[in-house]
Amino acid sequence: MIDLSNVSKWYGKFKVLDQCTARIEKGEVVVVCGPSGSGKSTLIKCVNGLESFQQGSIVVDDVSVGVAGKNLPTLRARVGMVFQNFELFPHLSITENLSIAQIKVLGRGKEEAVDCGLKYLDRVGLRTQADKYPGQLSGGQQQRVAIARALAMNPVCMLFDEPTSALDPEMVNEVLDVMVELAQDGMTMICVTHEMGFARKVANRVIFMDGGTIIEDCGKDAFFGDISARPKRTQTFLSKILAH
Amino acid sequence: MIDLSNVSKWYGKFKVLDQCTARIEKGEVVVVCGPSGSGKSTLIKCVNGLESFQQGSIVVDDVSVGVAGKNLPTLRARVGMVFQNFELFPHLSITENLSIAQIKVLGRGKEEAVDCGLKYLDRVGLRTQADKYPGQLSGGQQQRVAIARALAMNPVCMLFDEPTSALDPEMVNEVLDVMVELAQDGMTMICVTHEMGFARKVANRVIFMDGGTIIEDCGKDAFFGDISARPKRTQTFLSKILAH
Amino acid sequence: ADLSGTLKKIKNDKVIVLGYRESSVPWSYIDSSTNKVVGYSHETALLIVDAIKQELGLPDLQVREIPITAQNRISLIQNGSIDLECNGTTNTAERRRQVALSDTFAITQTQLLTKKSSGVHDMSDLAGKTVVVTAGSTSERYMRTYVQQKHMDTNIVSAKDHSQAFLMLQSDRAAAFFMDRDVLSALLLKARDAADYVVTGRPQTKEALACMLRKDDPQFKALVDKTIAAMQTSGKAEKMYNRWFMSPIPPKGDVLNAPLSDAMRELYAHPNDRSFDE
Amino acid sequence: MNYNWHWGVFFTEAIPGQTYLSWLLSGLGLTVSMGLCAWAIGLVLGSIVGVMRTAPNRWLAMFAAAYVEIFRNIPLLAQLFIWYFVVPELLPQAAHAWVVHLQPQPQQMLAGVLCLGMYTSARLAVQVSAGITSLPGGQRNAGLALGFTLVQTYRYVLLPMTFRIIIPPLTSEFMTVFKNSAVMSMIGMLELTAQGQQLVDYTSQPYESFTAVTMLYLLINMTALYVMRWIEKRVQIPGLVMGRR
Amino acid sequence: MSYSFDFSSIDAGSITVLAEGMQVSLKITLIAMVAGIIWGTVLALMRMSSIKPISWFAVAYINLFRSVPLVMVLLWFFLIVPQLLQGLLGLSPSTDVRMASALLAFSLFEAAYYAEIIRAGIQSVRAGQLNAALALGMHAGQAMRLIILPQAFRNMAPLLLTQAIVLFQDTALVYASALADFFGQAYGIGERDGRVVEMLIFAGAVYFCICFSASLFVKFYSRRTRS
Ligand SMILES: Nc1ncnc2c1ncn2[C@@H]1O[C@H](COP(=O)(O)OP(=O)(O)OP(=O)(O)O)[C@@H](O)[C@H]1O
Ligand SMILES: Nc1ncnc2c1ncn2[C@@H]1O[C@H](COP(=O)(O)OP(=O)(O)OP(=O)(O)O)[C@@H](O)[C@H]1O
Ligand SMILES: [Mg+2]
Ligand SMILES: [Mg+2]
């Protein structure tokens, strides 16, 4: 489904990604974690070509990202992405946010696009907010709309980049709940997140990164099982994250 | 030590604080929590006169805040405060950050001020960073310097306003550790925070606010003891905060 | 004969374009009561147009008029936007490098305008005083040279335009205003306290005012020169002069009252295109 | 078009003993010195008014707002004419006489520099107060919480950062001062633009004259830019990337 | 005070003349604003282009126009425009070159300022917005047109309007090229009647009223859109 092999990337002289290799099967949920600046965001941005990389290859659903070139927009339309800061379009109403890409990218009719958008809006429990503007919603609601917007494009997989870290603590759960449901419905997902509760509940695998390299890539149970069996760096990180 | 009685405050027609009453004894550590917008920040800003209030009275160490007027700077110098976004002065080096208020407000000599500042810098474990500028430190380090800066004024009590919520998850603990130590040394503290682990470890009391009123003010053990015995609003909030 | 240059252009387009000034009294200005361009030199231009009509056999030749300023008049001639300008442009060596200048149609002289109470009667009285000139005028250059050569401690200020210069005189910022006599008289017409002022002093420079046309166009220049010469020798010019300088002129019907000078009389007798800067 | 180019014109004599080049250079000198004087006035007044705009005292803030609105909402040219022609008339007799009997050049200079200085101060006040408000609100609180008085908070905490933050807009204001001084030509000051026009009138070589003047303005601007960049670098704070435009 | 005021010059007759002048001022302001914003947007996009020569051109253009006083630009265009219009458009000889040159000069001059405002507007839109648009499958052009520019214009609307107020004030400078705008007419009437002082005060007051109301509107507008 998603296949990264030996991906390396430099900003100038600075190596952000170092020989990253990973394979995500259809229906799998993979959580990526690691300290700040370890390259998590960069890695998942490479998956839908928002960042270019200099070495290695990434293949998504049989399309190679590196050589997609002109086809990049088509590829991206098939990969849903959710950002830390939601990135709803503030000048468009919720309905328009949900439909604009369907109309302009997939070429759907306006009516069809709105219907499809509302269906997913319903699914994230925000049907009643359709006519508001993003600025009128709370952070948690905005992030749920952002998820609906990505789903309305009928993606084959979803990428999440710290979807809950910009939220007030009380709103984290409403977003995680939507994600859990999505995972249980069988969506292929890569989630960068530090919510270890979420990882415990739905992840198939956990990838731990540090300094641009994938230090660990193992099943959830192995990862959370015996902490002392983990490499040193993972241990330090986990002890920091899990302490309180 | 700190005595709030019937404090009310309005922004225009909007009541932010509604008849808040609380008493904090010397050496006590009080954690304040509650949903966003409930008035926590406003409340502790009232304690050192950063916000004015229209009704009630606040007395800190026998000085009445409401009528302090010209003496406000003197009062503030005796109350340490730590902010969510650190608020170090970016144009001053760490040493200067630590010493400037001692020199200009307390009238200490330069040498004495620097010595005292370095002592506290040592205490938060950052002695080696004395000559850097705030922008060159990580968030966790900056917050520790901010704590040292407040301590260098030899305050009689400390106020913390969500000191860890702007930090990357791995840095939360280094700040909490300093705060725990401070509490154990007997400092009088009011901490607005959602770090329930911290509250469990060192708080004497927990105050829960919602919509500008103090809903609960009780001992730590009572607060975390039997959740079902808590008022409805506290229950909802705690269930959201503690879920993952 | 074969037509060339401007005449050929006019014949082809059946249009001649004249440049005019909006407030160069009494040479070329807009009569605010009728919104038409009038003035001594403008009338001269219209006589030239008549001559062109005759020469080219174009009785219904169209005349277009566009407003110009001191800054753009030369470029406008050069790029063909206007074919002829008769507005009171002084014939100078610098200008002859860029354009051709016709026979002189008037000679003006520079004098001083001052308050009667100022005690200034001639150039020599200016010592230790302030004199105002109009920026960019030939009189400015003359004044600067004069003061330098005579080692006078006269203070010279340049005003942006004639009326600002006059304003400086009115507000006592300057003791005298040194400028073409006709300009000074025209300014006095507008002033409500005209009686307090006097035009005085021995005339200094002579300025040969001529029409501008494109360089290297002998056919056209010959025609323009011929027309001007004819009106001067026939006495028509003197009648015109009296109409603009000795009788009421639009818009308000004031009289400039500047009798024909000897220099002008001499010019009318012997038309020429000489300038006074050689 | 049959234009006679003559680049040597600047070295020909305008009047005995003075070349056109020397005229241009004297215009350049006047433009630069007027710009610098006006800048000094503008910076001092602008900082004071800008701080007043953010002060908690309502009357101060209202006065500052009125000051800014008046000087911002009247065209510079109109202000200049008012300073030059109108203000002296409104002065008491003695002051009026003193002004009118000044030599004309100092008089023009006085009106011009005051006018440009006040106009610039209003624009700078806006930048300064915008800079102060753009600081995180917590900075003021942090200063006060340490026991600083309000004045100390401005002096030690807010203003040092404000001036660093607003260096980019200050740079363009600094360059604007020299450009704005061009309107002084309208009251007859022989600064750079006026000299340019004078050259056109005298030499009938408009393209050469205006090209030279334009080049000199570019030179002034590049120098101003360079100076401000140098200052910006001098006051740069380690570890802080301040967005440049 | 030694001066006695006489505002009698402001009668019905001069009001019509002043109104004509105001029309000239407003006409220049409006046309230059529209043309300036359009050309300024193009310049801003060129400046941010990754194709070096294009962005160099835009940088040179913007810096040149921002370095030279408006008066100089007006004088320049006053000289060049007849040539240009004649070469490019076959200007009819009866066109008032002063108006044509003022319009062109103001439009091209303001474009340099508008370009910088619009560029700042584009940069004020978080980088994440572009990423989000691209991630939804939009082309770069679509993302710019549908997502970035609308937000940039909305963010910058107050600055664009403020610049228009500055532009309106600057129209007074056409005095330099002998075109009679409101200020020129007022000054002319003052000169005609020897009442320059009164007319300058009057003109200043009129400008103040117009510009101040406009800036109040801008404030009101930006406060409304912010909430
Ligand atoms: N445009 C850029 N130019 C240069 N370096 C960059 C750029 N973007 C990111 N980096 C660097 O690349 C590294 C990886 O960044 P990335 O955002 O992928 O980290 P991350 O793991 O997502 O961190 P966080 O948890 O803070 O989001 C960091 O050291 C960062 O400073
Ligand atoms: N300057 C102000 N003017 C008007 N309303 C204000 C102002 N400052 C705060 N408020 C309002 O007062 C209420 C309480 O704000 P406060 O910052 O004390 O909440 P809080 O509990 O600290 O929230 P958070 O957890 O988000 O920091 C909020 O509804 C806020 O919108
Ligand atoms: Mg990241
Ligand atoms: Mg708060």
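Can you name the condition, by its number, that B:T42 falls short on among (1) over 13 Å from the mean Cα position of the chain (by Cα); (2) closer than 30 Å to B:Q235 by Cα; (3) more than 9 Å from every other protein chain (Cβ to nearest Cβ)?
(1)
So A:N173 clears everything in (1) open to solvent by 10 Å² or more (accessible area, probe 1.4 Å); (2) within 16 Å of ligand 3 (Cβ to nearest atom); (3) of a type outside the set (G, A, S) except one condition, right? Which one?
(2)
Scan the range D:195-245 for residues that are part of a loop (DSSP other than H, G, I, E, B) and more than 14 Å from chain B (Cβ to nearest Cβ) and jot them down.
Scanning the range D:195-245 gives D:S204, D:Q205, D:R244, D:R245.
What about D:W7, is it of a type outside the set (S, T, N, Q), open to solvent by 60 Å² or more (accessible area, probe 1.4 Å) and within 30 Å of C:R95 (Cα to Cα)?
On the way: of a type outside the set (S, T, N, Q): yes; open to solvent by 60 Å² or more (accessible area, probe 1.4 Å): yes; within 30 Å of C:R95 (Cα to Cα): yes.
Spelling it out, D:W7 is indeed of a type outside the set (S, T, N, Q), open to solvent by 60 Å² or more (accessible area, probe 1.4 Å) and within 30 Å of C:R95 (Cα to Cα).
Please indicate, with yes or no, whether at least one residue in the range C:157-166 is among the basic types (K, R) and in contact with a Phe, Trp or Tyr (Cβ under 8 Å, 6 or more places away or on another chain). Break it down stepwise before answering.
As a first pass, look at the range C:157-166 and keep what is among the basic types (K, R): C:160.
Imposing the further condition that a residue be in contact with a Phe, Trp or Tyr (Cβ under 8 Å, 6 or more places away or on another chain) reduces the set to none.
No: zero hits.
Has the range A:219-241 got any residue that is within 16 Å of ligand 1 (Cβ to nearest atom), crowded, with 21+ Cβ neighbours inside 10 Å, farther than 13 Å from A:V30 by Cα and among the aromatic types (F, W, Y)?
Yes, some residue in the range A:219-241 is within 16 Å of ligand 1 (Cβ to nearest atom), crowded, with 21+ Cβ neighbours inside 10 Å, farther than 13 Å from A:V30 by Cα and among the aromatic types (F, W, Y).
Out of (1) closer than 17 Å to A:E87 by Cβ; (2) open to solvent by 10 Å² or more (accessible area, probe 1.4 Å), what's the single condition that is false for A:E195?
Condition not satisfied by A:E195: (1).
Would you confirm whether or not the range D:55-66 contains a residue that is within 16 Å of D:D201 (Cα to Cα), in a helix (DSSP H, G or I) and over 21 Å from the mean Cα position of the chain (by Cα)? Walk me through how you get there before you give the answer.
Of the range D:55-66, the ones within 16 Å of D:D201 (Cα to Cα) are none.
No, the range D:55-66 has no match at all.
For the structure I just gave you, tell me whether A:S38 is at pLDDT 90 or above, within 16 Å of ligand 3 (Cβ to nearest atom), open to solvent by less than 10 Å² (accessible area, probe 1.4 Å) and among the small types (G, A, S).
Yes; evaluated as a whole, the condition is true for this residue.
Out of D:S185, D:S181, D:S129, D:S121, which single residue is more than 10 Å from chain B (Cβ to nearest Cβ), in a helix (DSSP H, G or I) and free of Cβ contacts under 8 Å to residues at least 60 places away in the same chain?
Testing whether each residue is more than 10 Å from chain B (Cβ to nearest Cβ), in a helix (DSSP H, G or I) and free of Cβ contacts under 8 Å to residues at least 60 places away in the same chain leaves just D:S185.
Among the residues in the range B:15-34, are any at pLDDT 90 or above, closer than 25 Å to B:A152 by Cα and within 13 Å of ligand 2 (Cβ to nearest atom)?
Within the range B:15-34, one or more residues are at pLDDT 90 or above, closer than 25 Å to B:A152 by Cα and within 13 Å of ligand 2 (Cβ to nearest atom).
Might you check whether a residue that is open to solvent by less than 10 Å² (accessible area, probe 1.4 Å), away from ligand 4 (no atom under 16 Å from the Cβ) and either in contact with a Cys (Cβ under 6 Å, 6 or more places away or on another chain) or not hydroxyl-bearing (S, T, Y) (or both) occurs anywhere in the range A:118-125?
Taking every residue of the range A:118-125 in turn, at least one turns out to be open to solvent by less than 10 Å² (accessible area, probe 1.4 Å), away from ligand 4 (no atom under 16 Å from the Cβ) and either in contact with a Cys (Cβ under 6 Å, 6 or more places away or on another chain) or not hydroxyl-bearing (S, T, Y) (or both).
Looking at the range B:166-204, which of its residues are part of a helix (DSSP H, G or I), closer than 15 Å to B:I147 by Cα and more than 12 Å from chain A (Cβ to nearest Cβ)?
Within the range B:166-204, B:V178, B:E181, B:L182, B:A183 qualify.
Hey, among C:F220, C:F245, which residue is at pLDDT below 95, farther than 15 Å from C:A106 by Cβ and surrounded by 12 or more Cβ atoms within 10 Å (Cβ to Cβ)?
Details: C:F245 fails: farther than 15 Å from C:A106 by Cβ.
It is C:F220.
For (1) charged (D, E, K, R); (2) under 26 Å from E:L74 (Cα atoms), each residue gets a yes or a no:
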position	(1), (2)
E:V125	no, no
E:G128	no, no
E:A133	no, no
E:G141	no, no
E:L146	no, no
E:A178	no, yes
E:G188	no, yes
E:E191	yes, yes
E:F220	no, no
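Does any residue in the range C:86-100 that is free of Cβ contacts under 8 Å to residues at least 12 places away in the same chain and facing chain D (nearest Cβ under 10 Å) come within less than 7 Å, Cβ to Cβ, of a residue that is in a loop (DSSP other than H, G, I, E, B) and open to solvent by less than 10 Å² (accessible area, probe 1.4 Å) six or more places away or on a different chain, and which pairs are these?
Cβ pairs passing all conditions: C:E94/D:S204; C:R97/D:S204.
So if I check each of C:S102, C:S75, which one is in a helix (DSSP H, G or I) and small (G, A, S)?
On inspection, the qualifying residue turns out to be C:S75.
Considering only the range D:162-177, I want to know if a residue exists there that is assigned to a helix (DSSP H, G or I), aromatic (F, W, Y) and in contact (Cβ under 8 Å) with a residue 12 or more places away in the chain.
Yes - at least one qualifying residue is present in the range D:162-177.
Return the residues of the range C:102-127 that are more than 18 Å from C:A237 (Cα to Cα) and open to solvent by 10 Å² or more (accessible area, probe 1.4 Å); say none if nothing qualifies.
Correct list: C:Q109, C:Q111, C:K115, C:K116, C:S117, C:S118, C:G119, C:H121, C:D122, C:S124, C:D125, C:A127.
Every residue in the range A:126-165 that is within 16 Å of ligand 1 (Cβ to nearest atom) and assigned to a strand (DSSP E or B), please.
A:L159, A:F160, A:D161
Going residue by residue through the range C:68-80, is there one that turns out to be under 20 Å from C:F105 (Cβ atoms) and without any contact (Cβ under 8 Å) to a residue 12 or more places away in the chain?
no
Answer with yes or no whether D:I167 is under 16 Å from the mean Cα position of the chain (by Cα), within 14 Å of chain B (Cβ to nearest Cβ) and open to solvent by less than 20 Å² (accessible area, probe 1.4 Å).
So D:I167 fits the description; yes.
Consider B:Q143 carefully, then state whether it is open to solvent by 20 Å² or more (accessible area, probe 1.4 Å) and modelled with pLDDT of 90 or more.
no
I'd like the residue in the range B:44-67 that is open to solvent by less than 10 Å² (accessible area, probe 1.4 Å) and of a type outside the set (V, I, T) and, out of all such residues, is farthest from ligand 2 (Cβ to nearest atom).
For the range B:44-67, the residue satisfying everything is B:N48.
Any residue at all in the range D:109-116 that's open to solvent by 40 Å² or more (accessible area, probe 1.4 Å) and not aliphatic (A, V, I, L, M)?
no
Quick grid of which residues meet (1) closer than 17 Å to D:Y156 by Cα; (2) within 16 Å of ligand 4 (Cβ to nearest atom); (3) touching a strand residue (DSSP E or B) at 6+ places or on another chain (Cβ under 7 Å); (4) at pLDDT below 95:
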| residue | (1), (2), (3), (4) |
| --- | --- |
| B:C46 | no, yes, yes, yes |
| B:G49 | no, no, no, yes |
| B:S57 | no, no, yes, yes |
| B:V60 | no, no, yes, yes |
| B:V65 | no, no, yes, yes |
| B:G69 | no, no, no, yes |
| B:P73 | yes, no, no, yes |
| B:M81 | no, yes, yes, no |
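Among the residues of the range E:139-152, write down those that are more than 9 Å from chain A (Cβ to nearest Cβ) and closer than 29 Å to E:K219 by Cβ.
If the condition is that a residue be more than 9 Å from chain A (Cβ to nearest Cβ) and closer than 29 Å to E:K219 by Cβ, then E:I148, E:L149, E:A152 are the ones that fit.
For the condition more than 24 Å from C:L47 (Cβ to Cβ), buried (at least 21 other Cβ atoms within 10 Å of the Cβ) and more than 9 Å from chain D (Cβ to nearest Cβ), what is the one hit in C:M212, C:M179, C:M152? Quick ask: steps written out before the conclusion?
Values: C:M212 fails: more than 24 Å from C:L47 (Cβ to Cβ); C:M152 fails: buried (at least 21 other Cβ atoms within 10 Å of the Cβ).
The conditions single out C:M179.
The values are calculated or read from the model by the stated rules, or taken from the named source; none is laboratory data. Quantities reported herein were computed from a predicted structural model and do not represent experimental measurements. Positions of Cβ are backbone-derived with ideal geometry, glycine not excepted, and every protein chain shown enters the neighbour counts. Keep in mind that these areas ignore ligands, DNA and RNA; they rest on the heavy atoms of the full protein, side chains included. Shrake-Rupley method; radii C 1.70, N 1.55, O 1.52, S 1.80 Å.
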